[in-house]
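Below is one structure, written out as structure tokens; the observations come after it.
Throughout, read-outs are computed from the coordinates displayed, never taken from laboratory work. In this text the structure is predicted, and so the values were computed from the model without any measurement. All Cβ positions, glycine included, derive from the backbone under ideal geometry; neighbour counts span all protein chains shown.
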Amino acid sequence: MNSKHIVASFDRDLEGIQAALMKMGGLVEEALRNSAKALEARDFDLAEKVRKGDRLIDELELTIKTDTAKLLALRSPTAVDLRTVLTVMEISSHLERCGDLAKNIAKRTIATADASNISGTLAASRRLSNFVEIMIRDSLDAYIQRDVEMAKEIIERDAEADQIYNTLFRSLLTHMMEDHRNIAFGMHLHFIAKNIERVGDHATGIAEQTIYLVTNAFPDDDRPKSDATALGFRDAGE
Amino acid sequence: MNDMRKIERDVKMTDTKITARNVNVHYGDTHAIKDVNVDIADKTVTAFIGPSGCGKSTFLRCLNRMNDTIDVCRVQGDIRIDGKDIHDKSVDPVQLRAHVGMVFQKPNPFPKSIYDNIAYGPRIHGLAKSKAELDEIVEKALRRGAIWDEVKDRLTQSGTGLSGGQQQRLCIARAIATEPDILLMDEPCSALDPIATAQVEELIDELHRDYSVIIVTHSMQQAARVSQKTAFFHLGNLVEFGDTDQIFTDPKDPRTESYITGRIG
């Protein structure tokens, strides 16, 4: 298929919404990185910066939603063009949620200012956030490159994120059972870990959009669920 | 993927009305239609789309042997309606065209009264035995053409005095008056404004419960709006034929995708 539309401004519109999406992705990656850094370094100024920065992500999402609605109304896109617009809308929602999760992490980081740290757990949560931040970055790369194989690989990767979360969950549980003074910090860090783990789910969602964009079909939902912590409060962190 | 419109109307699309096999058309040295094979379902709107000169109108005109009237035009291949070969010696093209009605791009009412525009076909085909019966046929056709309420008080006035949209609906009513099974429409809305277009599209939607409607259109959005099946023609080939929702969301041929997304003309 020829890549260019006869109406060149149609191409510019489609490129425009995808460029805005990538800009939003960049802000979300930065927010995730900074929230993780703020937590580990106990840098409350940086946490505050992340909290405030979420507004920018929300504004960008609103711009993308407005522009995609306009494009649908004015261009009546079909086939791959329609899927491009639909996936941009969907991915912008995923990214907006990731922005919220980074903000939640930052808020909880500020809330833990008075609680004493549990040794080892901060490093583990840092590992988890590094892992999901790369998942987000790669899922956006796969989208822009229309790389279905990479998208599938990212979906597989989510099981590993779940495993890191499970390990951290068990470790926090042990610390809290051993010493009740750990409970305040342990609870906060558990919510934070759950938020980070959710980012991995959004990266999976973005990867699924890439597969839909290219193949016009959604992948079967048969990826292994590795969250073994389902003890009735699985989604408490949302 | 299910087309919501099919479910809504509970349309049975299993009956084939028209089968075309290895249809080739030449205009002098020009090979206009190349080996087209297609099955067109009954009680369905089928849209033919494609760039100018792709052969969609030529193929449409094969279906009621309108190409017979063009000297340099040669049609080869097998076209059957309800299993009957339309090129069979026993088939009278005039009778055929009463069963396969046609509506053209430009509304072309006869310079006669509204009543006579509709009554013309039934009269020459001897469909009415009395004046009362003819009146009934005219009213029924005008009602089905969704124009009765607008013209019932001025049936003796000239059909050419109507607005463009009304004229086109009059022509559709005229085509219906001979009780056809199939309605061919060649760009029926391209000379109409958006409101008149919407009225004709609504009419097409009504008509396909009783007729097999085939519409040639340059407006892909119109094809998407009115049809259940879409055929994409390109350079005389039938490139792709499928459910309209599939053609517009998941075309299988890269040429179809390029065309419907506006990448090739």
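Around residue B:25, under 11 Å between beta carbons, what's the net of Lys plus Arg minus Asp minus Glu among the other residues?
+2
Hey, which of these cross-link pairs are over 27 Å Cα-Cα: B:43/B:140; A:37/A:65; B:89/B:229; B:84/B:229; B:34/B:84; B:43/B:252?
Checking Cα-Cα distances, A:37/A:65; B:89/B:229 exceed 27 Å.
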Answer check: the protein assembly as shown, Cα atoms, Kirkwood Rh, Rg/Rh ratio of 1.18
Once phi for every residue in region A:103-118 is put through the Karplus expression 6.51 cos²θ - 1.76 cosθ + 1.60 (θ = phi - 60°), the whole-Hz ³J(HN,Hα) values, with Gly and Pro written as x, are 5, 4, 4, 5, 5, 5, 4, 4, 5, 8, 3, 8, 7, 8, 6, 9
Quick check: Cα centre of region B:236-265 to Cα centre of region B:78-105, how many Å?
29
Stick to the Cα atoms of chain B, pair each with every other, and give me the Kirkwood hydrodynamic radius in Å at one decimal.
19.0
Output ³J(HN,Hα) for region A:139-155: one whole-Hz value per residue in order, computed from phi by the Karplus curve 6.51 cos²θ - 1.76 cosθ + 1.60 with θ = phi - 60°, and x for Gly and Pro.
5, 6, 4, 4, 5, 5, 8, 6, 9, 5, 4, 5, 4, 4, 5, 5, 4
For region A:3-215, what is the convex hull (Cα atoms) projected area averaged across all directions, in square nanometres?
11.5
Cut-off under 15 Å on the C-alpha distance; same-chain residues fewer than 8 positions from residue B:106 excluded. Which aspartates and glutamates are left, in chain and number order?
B:186, B:187, B:193
Give me B:116, A:58 ranked fewest to most by other Cβ atoms within 10 Å of their Cβ, as a rough exposure proxy.
A:58, B:116
Skipping prolines and chain starts, which residues have an amide H placed within reach, meaning under 5 Å, of the one on residue B:16, given they are 5 or more residues away or on another chain?
B:42
For region A:68-81, Karplus couplings with θ = phi - 60° (6.51, -1.76, 1.60), whole Hz, Gly/Pro x:
5, 4, 4, 4, 4, 5, 8, 10, 6, x, 10, 6, 5, 5
Quick note, region B:132-201: a/c under 1.5 would make it rounded; otherwise a/b > b/c is prolate and the rest oblate (a ≥ b ≥ c, C-alpha gyration tensor); here it is oblate
Project the alpha carbons of region A:1-55 onto their principal axes and report the range along each, largest first, in whole Å.
54, 21, 7
Interchain or sequence-distant (5+) residues whose placed amide H lies within less than 5 Å of the amide H of residue B:185 are B:103, B:214, B:215, B:216
Once amide hydrogens are built 1.01 Å from N within the peptide plane, the residues lying 5 or more places from residue A:6 or on another chain with amide H under 5 Å from its amide H are B:263
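Can you give the calculated 222 nm mean residue ellipticity of chain B, where each DSSP H run of n ≥ 4 adds -39,500 (n - 2.57) and the sum is split over every residue, rounded to the nearest 500 deg cm²/dmol?
Values: 11 runs with 96 residues, N = 265.
My calculation for chain B gives -10000 deg cm²/dmol from helical runs alone.
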